[in-house]
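Here's the structure, in structure tokens; my notes come after.
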Amino acid sequence: MRMSEKKLAANRQNAQKSTGPKTPEGKQIVSQNGVKHGLYTQALILNAPALKDDPAAYESLIASLIEDLQPEGIFENFLVRKIANCLWRSRRAIDAENAQIERQLKNIDSDVASDFEFRRSFHPEEDDPTPEEIIRAKAIKIGSNSIPEKDAGHHIMRYEMRLDRQLSRAFFLLERLQSRRKSEFGKQSTPGSPILSNQTQISCNQPNDRPLEE
């Protein structure tokens, strides 16, 4: 249903009267709305002394997604931004996994030497390990530490699963919106065809979808 000109004018007038939140708490909440909804990304781009994101790389990701997904309108563009945010955070999950593995392998040589020293404390009569034994022990140590340890791995996995669910939902809803838009456009271009109601509801939940885990 099209909004009347009288109601539209009233809404515009009311919007001009709004000056936003007055309290510091309210302003802080509003300042984070862009991060929550993906409309603005200042807080998404890290600029810490030890870790700095590349804003140009993020904008390039969004530009590529816009070119691929061809969004139209505010809400479709919002969903593309949300998809970009999920992909951007997924890259951090991979970086975190790599960093954890590197941490586990950082002292691999000293760990292998400690293992041989510990074994010698129980068997002092044994000869020093041969180069082949050291290489084999080192390969075993590397293999056992080539995936994140239990706690770190579980934390990274949960983070990736949550991002995957958000990504799937955003992409699913974007497809539904674009499908409805194309359907409405086709009906409008056909003489005598009724236009679909703006009140058509779209479910953002996929079949058998479960709520996000906090």
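The values are calculated or read from the model by the stated rules, or taken from the named source; none is laboratory data. Only a predicted model underlies this, so the values are computations on that prediction, with no experimental measurement involved. We place every Cβ from the backbone using ideal geometry, glycine too, and count neighbours over all the protein chains shown.
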Open item on the list: Anything in segment 118-175 that is part of a helix (DSSP H, G or I) and of a type in the set (Gly, Ala, Ser)? List them, or say none.
Closed with: SER121, ALA137, ALA139, GLY143, SER144, ALA152, GLY153, SER168, ALA170
Open item on the list: Condition first: over 25 Å from GLU102 (Cβ atoms) and touching a residue at least 60 places away in the same chain (Cβ under 8 Å). Now tell me which residues in segment 128-180 satisfy that.
Closed with: GLN166, LEU167, ALA170, PHE171, LEU173, LEU174, LEU177, GLN178
- [ ] Specify which of the listed residues (ARG120, ARG169, ARG162) is farther than 29 Å from LEU87 by Cα, surrounded by 12 or more Cβ atoms within 10 Å (Cβ to Cβ) and of a type outside the set (Asp, Glu).
- [x] ARG120
- [ ] Restrict the check to segment 129-136 and report whether at least one residue is modelled with pLDDT under 90, surrounded by 15 or more Cβ atoms within 10 Å (Cβ to Cβ) and either at positive phi or of a type outside the set (S, T, N, Q) (or both).
- [x] yes
Open item on the list: Looking only at segment 153-177, count every residue that is in contact with a helix residue (DSSP H, G or I) (Cβ under 7 Å, 6 or more places away or on another chain) and either modelled with pLDDT under 90 or within 30 Å of PHE75 (Cβ to Cβ) (or both) and tell me the total.
Closed with: 10
- [ ] Under 8 Å between Cβ atoms, at least 6 apart or on separate chains: pull out the pairs that start in segment 59-83 with a residue that is over 12 Å from GLU175 (Cα atoms) and modelled with pLDDT of 90 or more and end on any residue that is crowded, with 16+ Cβ neighbours inside 10 Å and of a type in the set (Ser, Thr, Tyr).
- [x] ARG81/THR41
